[in-house]
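Engineer: The structure follows.
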Amino acid sequence: MANIGSEIERTIKWKQKGNTAYSSHAFKRALELIDLTLTGHLSFPEYKEISRMRELLVDWQLGENIYKSTDILWQKYFAAFTFASRL
């Protein structure tokens, strides 16, 4: 999850710098990592959370953002995983 968060962080930073190509590449890498995670051995609650997170990320980046996600929301969400991975 921390690696996915790193790619989402790159997505946000490149989007803020106006480089949509790099932002798009980082987002695609994040989706690849999510899909690889979903193919692993997960419990139902883990699978449900990750698949829901994927749905929200796609809506935020590629869709109409009907869930009203923000860059700050995603940074806070993934910060916990980054913190936990450093322990």
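Engineer: Can you list residue pairs whose Cβ atoms sit under 9 Å apart, with the first residue in segment 66-87 being on the phi < 0 side of the Ramachandran plot and in contact (Cβ under 8 Å) with a residue 12 or more places away in the chain and the second being assigned to a helix (DSSP H, G or I) and among the charged types (D, E, K, R)? Count only pairs 6 or more apart in sequence or on different chains.
Structural biologist: As it stands, the answer is Ser69/Asp59; Asp71/Lys15; Trp74/Glu9; Gln75/Glu9; Phe78/Glu9; Thr82/Glu9, since those pairs meet every condition given.
Engineer: Right, something else. May I ask you to list the residues in segment 1-23 that are of a type in the set (Ser, Thr, Tyr) and under 12 Å from Leu57 (Cα atoms)?
Structural biologist: Narrowing segment 1-23 to residues of a type in the set (Ser, Thr, Tyr): 6, 11, 20, 22-23.
Passing the criteria: only Thr11.
Bear in mind these aren't lab numbers, they're just calculated from the coordinates by the rules spelled out. All figures in this text were calculated on a predicted structure; none of them were measured in a lab. Virtual Cβ from ideal backbone geometry, glycine too; neighbours counted across all protein chains shown.
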